[in-house]
Each structure stands twice: as C-alpha cells, then as structure tokens.
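The structure appears right after this line, and notes come after that.
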Amino acid sequence: MSKYKIIDEISKDKLVEEIVYNIGDRGDEDLKDLIQDIYINLLEKEDELIETLYNTNQLKYFIIRMVVNNIHSKNSPYYTKYKKDKINKVKIEELYDKI
C-alpha cells in the first residue's frame, strides 16, 4: 500500500486524533492544530519509512512517539508554535495582577 493510502486509512480511522486526545490535555484548544501538524509530518516523511512502519505494525507506535515528543518537549515545533507564546502571555498577565 502506498504512503498516501496508508495516511488516508489512518485519517479515516481517526488514529492520530485518538492518540492526541489520549495523551494531551483534552481542554487544550491547540490539540486540533497538533493533529494537523502530525498529518503534515507524516506526509513529509519518506514513502519507504511510512510503508515499512505500516507493514511491520509499528506505525501506531511511531505516531505515539511523535505526539509525546511534540506535547512534552520544549524544543518541539508544537511547543514553539502554540505553547511558548501562551506561557509567556500568562506570565505577563500575572505580573499585571500583582501591580
């Protein structure tokens, strides 16, 4: 099966959504963006990698690792794009509250 058919299949099964909502904070409004970022990352991976992971039943674990790394690492694209500014904004608002 081709990489695009594999990604289409996992998107129909909502595999990435299931993983993200199980690992992430369900109240986090940015999780929808993370889901899209994970799909984009999968599409950017080499065809052979996705096909091999799928054929050896390791794709789900690969996606889990991608999600965990994005949610918990301060060096991840997800943190840099969505979390960093929000955290800094909260700190500034806390300073104003103290004044």
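The values are calculated or read from the model by the stated rules, or taken from the named source; none is laboratory data. From a predicted model like this one, the values you see are computed outputs, not experimental measurements. Heads up, the Cβs are rebuilt from the backbone with ideal geometry, glycines too, and the neighbour counts pull from every protein chain shown. Remember, those area values only see protein heavy atoms, side chains included, never the ligands or the DNA or RNA. Shrake-Rupley method; radii C 1.70, N 1.55, O 1.52, S 1.80 Å.
Scan region 37-70 residue by residue and report those that are of a type in the set (Val, Ile, Thr) and open to solvent by 40 Å² or more (accessible area, probe 1.4 Å).
Taking region 37-70 first, the residues of a type in the set (Val, Ile, Thr) are 38, 40, 50, 52, 56, 63-64, 67-68.
Across region 37-70, the qualifying residues are Ile40, Thr52, Thr56, Ile64.
Report the residue count in region 24-53 for those that are touching a residue at least 12 places away in the same chain (Cβ under 8 Å), farther than 15 Å from Ser11 by Cα and not acidic (Asp, Glu).
Here the count works out to 2.
Out of the residues in region 27-36 that are in contact with a helix residue (DSSP H, G or I) (Cβ under 8 Å, 6 or more places away or on another chain) and closer than 14 Å to Lys83 by Cα, which is surrounded by the most Cβ atoms within 10 Å (Cβ to Cβ)? So that I can check it myself, show each step before the final result.
Here is the first cut: in region 27-36, the residues in contact with a helix residue (DSSP H, G or I) (Cβ under 8 Å, 6 or more places away or on another chain) are 30-31, 33-35.
From what is left, the residues that are closer than 14 Å to Lys83 by Cα are 30-31, 33-34.
Details: Asp30: 16, Leu31: 20, Asp33: 13, Leu34: 24.
Once the filter is applied, the top-ranked residue is Leu34.
Can you name the helices (runs of 4 or more DSSP H) wholly within region 26-96 that have at least 2 residues being modelled with pLDDT under 80 and among the β-branched types (Val, Ile, Thr)?
Result: empty, no element qualifies.
Conditions first: (1) open to solvent by 100 Å² or more (accessible area, probe 1.4 Å); (2) closer than 22 Å to Thr80 by Cβ. Gly24 passes all but one, so which condition is the exception?
Among (1) open to solvent by 100 Å² or more (accessible area, probe 1.4 Å); (2) closer than 22 Å to Thr80 by Cβ, Gly24 violates only (1).
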